[in-house]
Amino acid sequence: MDNMEVKHIWSEVKHELRENLPDHVYYSWIESLEAGTFENDVFLLHSVHAIAPQIIKQNHNDQFLQAFKKVLGKPVSYNIVYDDDLARTYQKEMKKEVAKSKLYTSPEEEQKARVMKNLSQMQSSANLDLKYKFENFVVGETNKRAYGCAKMVAQSPAEKFNPLFIYGAPGLGKTHIMQAIGHYIIFNKPDLKVRYVKTVDFVNEYMSKFSPSTDGRFKNVTPEIAKFRQKYRNVDVLLIDDIQFIESKTKTIEEVFHTFDYLLNKNKQIVITSDRAPKEIMLPERMTSRFIKGVVVEMKPPEAAVRIQILKNLADLKNLNISDDVFEYIAENFKNNVRELEGAFNNVTTFAEIDGVEINLEFAQSVLQCDIKKKSLTYDVIAQKCAEFFDVTVKDFKSSARASKISKARQVAVYLCRELTEGSYESIAEYFNKKHTTMMYSWELVKEELTKNKEMASYVNSLKKIIKEL
Ligand code: ADP
Ligand code: MG
């Protein structure tokens, strides 16, 4: 069961418990419990108080069992474990709350604080992450159009660009900018209902609602599905992230199509992101034509000035004083993916903290040199090693030969080029003399196959090792 669903069940159970237990019990021990997993009919909860598991099991076990049974429609058991990390975060939050409450000098301020609390509840029910706002998005040449469109949609939902379709390679800020739209709307137009969803969660949630009937076929509209539809159609702004994930998910494609139609007919705003342009996603034409009805905007890797500014902002957040040559060194070596740029920066700062040393250029170089080595691998080296391994030639890879031995070897070579370098599908396609959609398809095929085929997983792994050690 996916995380969102487990959380949803827990919020309903919590609601039951709040109804059935005295306030002091609820607010002392239950409000702060967090949902963990739900597997084999055991619901796992995490507690921030070491004694909560014992207190609950001894005094409120019946109410817990009843609440779960009511929500899930069957008896299940539950387990509560004390979670150290969660407890630390909780204590920090509590300290902040106490500090804040001391600051209220007037009823107006208290009212303002209450509004802010409501706002944060709305943000979490919209499924938004607080990190992703317009204020901390660095704008430059390669993302200014996407930023401009996003800002316009946020200011006038369903009036300007509908749907707004943002695409670009991974790690360029698509999710960030999409969620920023959500935050902006919640803050400025609190009456509008916003919902953000990752396509993968949408697909899993939708598919989990189908239960086979006695003849083994799937029933069509169950109450579960009606509830699911309500959840995604009863909104003013739907933010749907990484839509390329529905490729080949026939059943969900239909559902997404009807959801879009429904929302667009009611003049509700839709924002979509994808790792490629609409026409490059393998989807029915009627679906693609919905995407391009509004505006389609591409994001490209940010220029050096933006990369450096992003790093400086991260350093400010951590209160670190770092010299420019370190920022420049990291920015110069991580050009194509902001997630990796941030990852590199975090590695340097974390290791400096662990080692108890100052961050300077030499230190950053010593931490990052292996990541950078990875990037310097060429397609030629990778293709050569794969060709040797499969007993074919690099020329075969570049040819249009389709013999199964060559195709298979070529797919693995493409997969490893993608995994072991920073190269884009376009540049890999150029090297192999193929279309870039073929490269994407090869990568996905191998990735999927690796989860099922142990023998293949083992030789692809050894190939990876051999190449990395070159
Ligand atoms: P994508 O959805 O395109 O894969 P994300 O939105 O998840 O990428 O961005 C990856 C990381 O990079 C996030 O932490 C995001 O905040 C950060 N990021 C990307 N672009 C920018 C930018 N222009 N300014 C600030 N942070 C950025
Ligand atoms: Mg994303």
Residue check, residue 316 farther than 22 Å from residue 457 by Cβ, of a type in the set (Asp, Glu), part of a helix (DSSP H, G or I) and away from ligand 1 (no atom under 16 Å from the Cβ): no
Residues of region 227-254 that turn out to be within 21 Å of the chain's Cα centre (by Cα) and open to solvent by less than 40 Å² (accessible area, probe 1.4 Å), as a count: 14
Search result, residues across region 234-275 that are away from ligand 2 (no atom under 16 Å from the Cβ) and on the phi > 0 side of the Ramachandran plot: 248, 267
Leading residue by the ranking (least open to solvent (accessible area, probe 1.4 Å)) among those in region 388-417 that are among the basic types (Lys, Arg) and under 20 Å from residue 441 (Cα atoms): 410
Check on residue 464, touching a helix residue (DSSP H, G or I) at 6+ places or on another chain (Cβ under 8 Å), exposed (fewer than 15 other Cβ atoms within 10 Å of the Cβ) and assigned to a helix (DSSP H, G or I): no
Where residue 254 falls short, out of the listed (1) in contact (Cβ under 8 Å) with a residue 24 or more places away in the chain; (2) under 17 Å from residue 291 (Cα atoms); (3) away from ligand 1 (no atom under 16 Å from the Cβ): (1)
Those residues of region 279-289 which are surrounded by 20 or more Cβ atoms within 10 Å (Cβ to Cβ) and either more than 16 Å from ligand 2 (Cβ to nearest atom) or among the acidic types (Asp, Glu) (or both), in sequence order: 283
Strands (runs of 3 or more DSSP E) wholly inside region 2-106 containing at least 1 residues that are in contact with a Lys or Arg (Cβ under 9 Å, 6 or more places away or on another chain): 34-39, 77-82
Leading residue by the ranking (farthest from residue 426 (Cα to Cα)) among those in region 169-187 that are within 6 Å of ligand 1 (Cβ to nearest atom) and among the small types (Gly, Ala, Ser): 173
Among the residues listed as 335, 293, the single one being within 16 Å of ligand 1 (Cβ to nearest atom), surrounded by 14 or more Cβ atoms within 10 Å (Cβ to Cβ) and of a type in the set (D, E, K, R): 335
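Here's the yes/no breakdown for (1) out of contact with any helix residue (DSSP H, G or I) (no Cβ under 8 Å at 6 or more places or on another chain); (2) more than 13 Å from ligand 2 (Cβ to nearest atom); (3) open to solvent by less than 30 Å² (accessible area, probe 1.4 Å):
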{"residue": "142", "(1), (2), (3)": "no, yes, no"}
{"residue": "158", "(1), (2), (3)": "yes, yes, yes"}
{"residue": "167", "(1), (2), (3)": "no, no, no"}
{"residue": "170", "(1), (2), (3)": "no, no, no"}
{"residue": "173", "(1), (2), (3)": "no, no, yes"}
{"residue": "184", "(1), (2), (3)": "no, yes, no"}
Region 310-321, subset under 23 Å from the mean Cα position of the chain (by Cα) and within 25 Å of residue 148 (Cβ to Cβ), residue surrounded by the fewest Cβ atoms within 10 Å (Cβ to Cβ): 313
Residue list for region 1-45, restricted to those being open to solvent by 90 Å² or more (accessible area, probe 1.4 Å) and basic (Lys, Arg): 7, 18
Failed item in (1) under 28 Å from the mean Cα position of the chain (by Cα); (2) exposed (fewer than 14 other Cβ atoms within 10 Å of the Cβ); (3) under 18 Å from residue 6 (Cβ atoms), with residue 89 passing the rest: (3)
Qualifying residues in region 257-282 (those that are among the aliphatic types (A, V, I, L, M) and within 22 Å of residue 436 (Cβ to Cβ)) - the one farthest from ligand 1 (Cβ to nearest atom): 282
Yes/no for residue 426 being closer than 22 Å to residue 337 by Cβ, out of contact with any Lys or Arg (no Cβ under 9 Å at 6 or more places or on another chain) and surrounded by 14 or more Cβ atoms within 10 Å (Cβ to Cβ): no
Criterion (β-branched (Val, Ile, Thr) and in contact with a strand residue (DSSP E or B) (Cβ under 9 Å, 6 or more places away or on another chain)) met by exactly one of 357, 295: 295
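The values are calculated or read from the model by the stated rules, or taken from the named source; none is laboratory data. Because the structure is a prediction, the values reported are computed rather than measured. When we count neighbours, we look across all protein chains shown, and the Cβ atoms used for this are built from the backbone with ideal geometry, even at glycine. All accessible areas refer to the heavy atoms of the entire protein, side chains included, with ligands and DNA or RNA removed. Shrake-Rupley method; radii C 1.70, N 1.55, O 1.52, S 1.80 Å.
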